[in-house]
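Novice: Submitted below is the structure of interest, expressed as structure tokens.
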Amino acid sequence: MIYPSIDKLLNIVSSKYELVHIAAKRSKQITEKGFLQMPAQKYKSEKNIGKALEEVAEGLIIVKHV
């Protein structure tokens, strides 16, 4: 995977494991509900997991640290 870069994503999320969890959960939501937070043409990735990572990179998914 080239975009978004892992370095940029790890500035937003504290660990790779948390990133995987967030992206998988969001990807499943996209698959089930079909709701995208950006216009479909704006995504570079065709797959839902890539779209979820793009949303994290754009700051559309808020990560709460409890």
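Each reported figure results from applying straightforward, stated rules to the coordinates on display, with no laboratory input. Keep in mind that this is a model prediction, so the values were computed, not measured. Counting neighbours? That spans all protein chains shown, and the Cβs are built from the backbone with ideal geometry, glycine included.
Novice: I'm trying to understand the selection: among the residues of segment 4-42, which are of a type in the set (Ser, Thr, Tyr) and over 11 Å from the mean Cα position of the chain (by Cα)?
Specialist: Residues of segment 4-42 of a type in the set (Ser, Thr, Tyr): 5, 14-15, 17, 27, 31.
Scanning segment 4-42 gives Ser5, Ser14, Ser15, Tyr17, Thr31.
Novice: Also, quick follow-up: When only residues in segment 13-42 that are in contact with a Leu (Cβ under 8 Å, 6 or more places away or on another chain) and crowded, with 17+ Cβ neighbours inside 10 Å count, which is farthest from Ile2 (Cα to Cα)?
Specialist: Ile30
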